[in-house]
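Below you'll find the structure, written out as C-alpha cells, and then a few comments.
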Amino acid sequence: MGERQRYIDVAERRARLALRHRLAPEARAATPEAVADALVALHGTDPAAVYLAVGARLADVSATVPETDRALYTDRSLVRMHGMRHTVFVFPTESTAVVHASTGLAVAARERASLVKDMAKAGAPDAVWLKEVEESALAALARLGQATAAELAREEPRLREQFVYAAGKSYEGVHTVVTRLLRVLGVEGKVVRGRPLGSWTSSQFRWALAPRHPELPPEQAQSELLRRWLTVCGPATEADLKWWTGWRVTDVRRALTAIGARTVTLDEGPGHVVDGDVDPAPAPEGPWAALLPALDPTAMGWQGRDWYLAPGLRPALFDYSGNVGPTVWWDGRVVGGWAQRADGEIVWRALEEGLGREAEAAIEAEAERLGSWLGAARVTPRFRTPLEKELAR
C-alpha cells in the first residue's frame, strides 16, 4: 500500500497563514523587504496597497512610508514590475530574473506581436521602425535615470506617433506609441515603474531601466517561483497554483514534479506542500486581528477561498471583476471590511455576528494602529467594492 496522505484541516491552514504571512503580532517583520520576501510578491496595481500591505505586517508601523520609499526608490531592493497573470507586483529585486523567465516571456511575446499587428492594421510604421524608436527611448531613459512618458517623448519625438486601434469597432480608439511601447517594454523586463509623481498614494509613475538580471531557463524559473510560493502559501490545490501563476496546468504539474512537492489532503481534495513541510505546523500565540488593504496578497492568494472567506461575504467585499477590497480579519478568517472616511477616520464593519468583545477590541486596536501611521494621508482603493463605498460615506 502507498503512503497515506496527511490531512491538513482549516485550523492548521489558518495557523500557517498567520505566521508565514507575518500577520500574527509575534510574526511581524522588521523591514518592507522582509514582508515582500515572506509573501513572494505584493500586489502593485494600486500603489497605496503596497504600503498598506507592508504596514499591516511591520513591527514598527511608524516606519511604513519612509522604509518602503527607501526600499523602492533609494536602495531599489524592491522593484515594481509585471508578473503573474499580467499583473503589476512589487518583488524583491533578486526575484526579478525568476519572475521574468517564469511568467513574463510568454506574455511579452504576445504583447509585442499585438502592438506590431495593431500598428500594421492602422497603416502605422512597421516593426523595424518600432525597434529603432525603442532603442532610442531606452538610451534616453539611461541618460535621464527616470522619466515620465511625456519626458521620454520630448527626448524621442517619434514616441508621440498615434494610430487608430480597432477602426470601425464600437471600441475604436486612438493609441499613442509611447503608451503601448512602455507596456511592452515592461512585460519584457526592460523597464520598471520608478518614483511616482507626488506622494506614495499617487498612481502616476516615472519609468526607469529594469535592474540587470541573469536570463534563466523558463522551466527552471517556474520551478523556483512555484517552490517559493508554495513555501509561503502551501498547502494549495492545483487550481490555486494555476490561478496564481497564470500558467498552463501542464506547466504547474511539471514544476510540482521538479521540486518534489508532497501531496496532502484538504477539505476540497488533494493539495500540495513543498518537500519537508508535511508535518504539523506551529500555531500563533493567540487570536489575532488585521486590517488588510484592497488587493492584499493574502486575501488574493488562493483561488479557493472558502477556508478563510465565507462565500456569503463576497458580494460586499469584491468588485464586479473579482478584486478584493479592504478586509477585516480575525484569527485567520475574513470577518468584515473597512474604509477610510474623508476626515481620515478608519471605520470597519463586521459581516459575521457574535464576534465577541475580544475580537472587537483587537480589531479596533488595529484600526487605531492603521490610523496612527496614515495621519493626514487619504487612501481610496483603485477598485472600489460595495462595503468600502458604503463605509467611506
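None of the figures in this text is laboratory data; all of them are computed from the coordinates on show. Note that the coordinates shown come from a computational prediction; the quantities given were computed from them, not determined experimentally. Note that each Cβ is placed from the backbone with ideal geometry, even for glycine, and that neighbours are counted across all protein chains shown.
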Ranked output for segments 315-326, 346-357 by mean other Cβ atoms within 10 Å, highest leading, reads 315-326, 346-357
With Cα coordinates, the longest principal axis of the chain makes an angle with the long axis of helix 10-20, in degrees rounded to 10, of 60 degrees
Log entry: pair-distance distribution for the range 1-135, C-alpha pairs binned every 10 Å from zero, whole % per bin is 11, 29, 25, 19, 11, 5, 0
The size of the Cβ-based charge dipole (Lys, Arg +1; Asp, Glu -1) of the range 95-209 about the Cα centre, to the nearest 20 debye, is 240 debye
The set of residues whose placed amide H lies less than 5 Å from the amide H of ARG206, leaving out same-chain residues fewer than 5 positions away, is GLY194, ARG195, LEU197
Given 120-133, 36-49, 237-250, the highest-first ranking by average Cβ count within 10 Å works out to 36-49, 237-250, 120-133
If R0 = 45 Å, then TRP129 and LYS389, at their Cβ-Cβ distance, give a FRET efficiency to the nearest 0.05 of 0.50
Note to self: C-alpha centroids of the range 21-91 and the range 199-276 sit apart, in Å, by 18 Å
Checked against the positive end of the charge dipole of the chain (+1 on Cβ of Lys and Arg, -1 on Cβ of Asp and Glu, about the Cα centre), the farthest of TRP348, ALA239, ALA290 is ALA239
Residue separation between ALA167 and ARG4 times 0.36 nm, minus their alpha-carbon distance, gives in nm 52.7 nm
Applied in sequence order to the range 278-289, the curve 6.51 cos²θ - 1.76 cosθ + 1.60 (Karplus, θ = phi - 60°) yields integer Hz couplings, x standing for Gly and Pro, of 7, 5, x, 8, x, 9, x, 5, x, x, 9, 10
Any lysines whose Cα falls less than 24 Å from that of LYS131, other than same-chain ones fewer than 8 residues away, would be LYS117, LYS121, LYS190
Residue by residue through the range 28-44, the couplings from Karplus 6.51 cos²θ - 1.76 cosθ + 1.60 with θ = phi - 60°, in Hz, x for Gly and Pro, are 4, 9, 8, 9, x, 4, 5, 5, 4, 5, 5, 9, 6, 7, 10, 4, x
Residue span ARG357 to ALA283: 0.36 nm per residue of separation minus Cα-Cα distance leaves a gain in nm of 24.4 nm
Computed for the chain: size of charge dipole around the Cα centre, +1 on C-beta of each Lys and Arg, -1 on C-beta of each Asp and Glu, debye to nearest 20, value 1100 debye
Kirkwood Rh over alpha-carbon pairs of the range 113-172 plugged into Stokes-Einstein at 37 °C, 0.692 mPa s gives a D in µm²/s of 260 µm²/s
In degrees rounded to 10, the 0-90 angle between helix 218-233 Cα long axis and the longest Cα principal axis of the chain is 30 degrees
With +1 at each Lys and Arg Cβ and -1 at each Asp and Glu Cβ, the charge dipole magnitude of the range 152-217 around its Cα centre, to the nearest 20 debye, comes out at 180 debye
Taking only C-alpha positions in the range 95-209, Rg and Dmax in angstrom work out to 14.7, 43
Once the dipole of the range 95-209 is set up from charges on Cβ (+1 Lys and Arg, -1 Asp and Glu), the residue from the list TRP200, HIS175, ALA147 lying farthest towards its positive end is TRP200
If one compares the long axis through the Cα atoms of helix 357-374 with the longest principal axis of the Cα atoms of the chain, the angle in degrees, nearest 10, works out at 30 degrees
Only helices counted: for the chain, with every DSSP H run of 4 or more residues adding -39500 (n - 2.57) and the sum spread over all residues, [θ] at 222 nm is -11500 deg cm²/dmol
Dipole check, the chain, charges on Cβ (K,R +1; D,E -1), about Cα centroid: among ALA24, LEU266, LEU374 the Cα furthest to the positive pole belongs to LEU374
Any residue on another chain or 5+ positions along whose placed amide H is under 5 Å from the amide H of THR45 is listed here as VAL88
Residues whose modelled amide H sits under 5 Å from the amide H of GLY337, counting only those 5 or more places away in sequence or on another chain, are VAL328, ARG349, LEU351
Among beta bridges assigned by DSSP with both residues in the chain, the antiparallel ones amount in percent, to the nearest 5, to 95 percent
Once phi for every residue in the range 100-114 is put through the Karplus expression 6.51 cos²θ - 1.76 cosθ + 1.60 (θ = phi - 60°), the whole-Hz ³J(HN,Hα) values, with Gly and Pro written as x, are 4, 6, 7, 10, x, 4, 5, 5, 4, 4, 5, 5, 5, 4, 5
